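Written below as structure tokens is the structure these notes are about.
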Amino acid sequence: MTMEEGPEPNLAPHHHLLDWLEDSASFIPSIPSFFDEPYTEIDLNPYEWWSHDHDYENQQQSTQTPASSTVITTPSITTTSIIATTNQTTVPKSEYTTKKRKQQEEQSIRSQQSKRRNNTDNEEDGAENEEDVGSGGGEVQRKPGRKVQTKGSGSGSGNNGAKDVRWAEQLLNPCAAAIHAMNLSRVQHLLYVLNELASPTGDANHRLAAHGLRALKNHLSSIGLAAAIPAGNLDSGGCGSPPKCFATTEPRLFRSALIKFHEVSPWFAVPNSLANASILQNITQENRPKSLHIVDIGVSHGIQWPTLLEALTRRPGGAPSLIRLTVAGSAAPPCPFSTSPPAYDFPSHLLRYAKTLDLNLHITQTETLSSITRSPGEILVVSSQFRASNTMLLRSIRDLDPDLVVLTELEDGVGGGGIGGGFAEEFGRRTGVLWRFLESTSAAFKGREFAERTVVEGEAARMLDGGVGEGREEWEGRMKALGFTELAFGEEAMDAGRALLRKYDGNWEMRMATGVASAGAGAGILLSWKGQSVSLCSLWRVAGTTERR
């Protein structure tokens, strides 16, 4: 491919990169020339160049009332205007000065006493409120004369130390247990309290209550108990219509939500970075592979691959002569984040971007892994996200005899249980994962409302309908039984993940996982929020195979 030379040749890829984003110039005003810099681990983050200033964010900001839209001017009060005029008797200067000093001292004493009383009241209020919300059975008792957190309040989002009370789970999980036990009177009571507190636009607790209330309502309908519950208790927290999700979102907003979420949250960005770095390391071990074949059973919807393509051009040995990308997301049952709007089409834009890099990229889509063929001399990599609970899919992956398998799975931090647990147990696992998503997303968006935030949170709420899957113990054991052995991440991948994680909220951390399937296992990398596991990324290879050179 020939390219016109000009005074600034490094700007040429920028125009085509905008083409890959499908007319994104309207909401991506500028792209720094990161292509000119030598490849480093940090290059595995594809969103350093992305600007927040785009259509949907501007629309959301235009609908919000500015914090300083109203200016309140407090009139200044001078000390000379406070002199009492009721008594017209002239007071000698020395006597007046003494009286004035006494008045000031009395005023200071009264002020200090008032402050002490207020502090004492606030401490008592805080203790009683925590007692009311977090006590035993998960019931919320409103005490007379005490302030109760209302819907839509921005406080108590989980970042305030002592205020980090997860009251939504303390209501939702007992309600799920009461449904399982057929204790309808308790179900009615808890649903009433949830309906009073749930809100789709409050803090993480209010949002979890709203999504959880909707999920419980759907479960009651599926088991035929909805008719036994008063209709007023099933209002889903004032948000009767289903929340927006990926499948029901307009394609342009869908793409904007993907990019925005990857920019502000490492939930997917870090696992994608680890996967890309591992793929790059794997093919770097080859002298010069003829081709690289990636089977994508993930949820990135194309967002993961532009950075890998660009990194391939910087390999010391050059990029493979052929890069094949087989999109096989429909080969497995849908899961949260796996669906996309019907009109969303990323292959054509990714192909256009590859052309600007002078890469020979071929993209195919398939509904079954059995239709995938392997060419002689190619490196075959399978990248799968949130699908390890599907035994048939894992067997199909094994039949491909891949050189590398990259698995990213949701991690509930509990282990065991899996899909064999009862409804209450499974619902508790799902609410725990969704809480971490909602709380971290609230921190990522600084508590502000955006159309993109609404979309990703609505999609994440599908976890409550069964999208968490098995625990790590189950799927790790199944991978080993199918003949896979776990590999360790290279230092390059670890450095890339650490460098990327530094740009996000300080409550995120990345650490090596502890093996649970067998002694010595556990070379995966855990991503956690506030010390609680979120996802696990691991590398696998068919046991006993040698690298193809």
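Could you tell me whether any residue of segment 338-358 is part of a strand (DSSP E or B) and at negative phi? Can you show your working first?
Here is the first cut: in segment 338-358, the residues part of a strand (DSSP E or B) are none.
Checked segment 338-358: no residue is part of a strand (DSSP E or B) and at negative phi.
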Just one of (1) of a type in the set (D, E, K, R); (2) modelled with pLDDT of 90 or more; (3) surrounded by fewer than 20 Cβ atoms within 10 Å (Cβ to Cβ) trips up Lys260, so point out which. (3)
Scan segment 233-257 residue by residue and report those that are at pLDDT below 70 and either touching a helix residue (DSSP H, G or I) at 6+ places or on another chain (Cβ under 7 Å) or among the aliphatic types (A, V, I, L, M) (or both). Asn233, Leu234, Asp235, Ser236, Gly237, Cys239
Could you check Pro336 against (1) buried (at least 17 other Cβ atoms within 10 Å of the Cβ); (2) more than 28 Å from the chain's Cα centre (by Cα) and say which number it fails? (2)
Say whether the condition of being out of contact with any helix residue (DSSP H, G or I) (no Cβ under 7 Å at 6 or more places or on another chain), part of a loop (DSSP other than H, G, I, E, B) and either under 21 Å from Ile397 (Cβ atoms) or of a type in the set (Asp, Glu) (or both) is met by at least one residue in segment 317-333. yes
Going through segment 272-317 one residue at a time, which ones are farther than 20 Å from Leu487 by Cβ, out of contact with any Phe, Trp or Tyr (no Cβ under 9 Å at 6 or more places or on another chain) and open to solvent by 20 Å² or more (accessible area, probe 1.4 Å)? Asn287, Arg288, Lys290, Pro316, Gly317
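Within segment 190-232, can you find the residues that are part of a loop (DSSP other than H, G, I, E, B) and modelled with pLDDT under 75? Talk me through it step by step, then tell me what you get.
Just the residues of segment 190-232 that are part of a loop (DSSP other than H, G, I, E, B), to begin with: 198-203, 223-225, 229-230.
If the condition is that a residue be part of a loop (DSSP other than H, G, I, E, B) and modelled with pLDDT under 75, then Ile229, Pro230 are the ones that fit.
Could you tell me whether Leu536 is surrounded by 19 or more Cβ atoms within 10 Å (Cβ to Cβ) and either modelled with pLDDT under 90 or part of a strand (DSSP E or B) (or both)?
Judged against the criteria, Leu536 is a match.
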For segment 441-518, which fully contained helices (runs of 4 or more DSSP H) count at least 1 residues that are under 18 Å from Ser265 (Cα atoms) and open to solvent by 40 Å² or more (accessible area, probe 1.4 Å)? 451-460, 491-501
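Scan Thr364, Thr356 and give me the residue that is of a type in the set (Ser, Thr, Tyr) and either closer than 30 Å to Glu474 by Cα or open to solvent by 20 Å² or more (accessible area, probe 1.4 Å) (or both). Give the derivation first.
Details: Thr356 fails: either closer than 30 Å to Glu474 by Cα or open to solvent by 20 Å² or more (accessible area, probe 1.4 Å) (or both).
Of the residues listed, the single one that is of a type in the set (Ser, Thr, Tyr) and either closer than 30 Å to Glu474 by Cα or open to solvent by 20 Å² or more (accessible area, probe 1.4 Å) (or both) is Thr364.
Quick grid of which residues meet (1) within 13 Å of Asp296 (Cβ to Cβ); (2) buried (at least 20 other Cβ atoms within 10 Å of the Cβ); (3) modelled with pLDDT of 90 or more:
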position: Arg324; (1), (2), (3): yes, yes, yes
position: Pro342; (1), (2), (3): no, no, no
position: Glu409; (1), (2), (3): no, yes, yes
position: Phe427; (1), (2), (3): no, yes, yes
Of the numbered conditions (1) at pLDDT 90 or above; (2) buried (at least 21 other Cβ atoms within 10 Å of the Cβ), Ala331 fails exactly one; give the number of that condition. (1)
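The values are calculated or read from the model by the stated rules, or taken from the named source; none is laboratory data. Model, not experiment: these values are computed from the prediction. When we count neighbours, we look across all protein chains shown, and the Cβ atoms used for this are built from the backbone with ideal geometry, even at glycine. Keep in mind that these areas ignore ligands, DNA and RNA; they rest on the heavy atoms of the full protein, side chains included. Shrake-Rupley method; radii C 1.70, N 1.55, O 1.52, S 1.80 Å.
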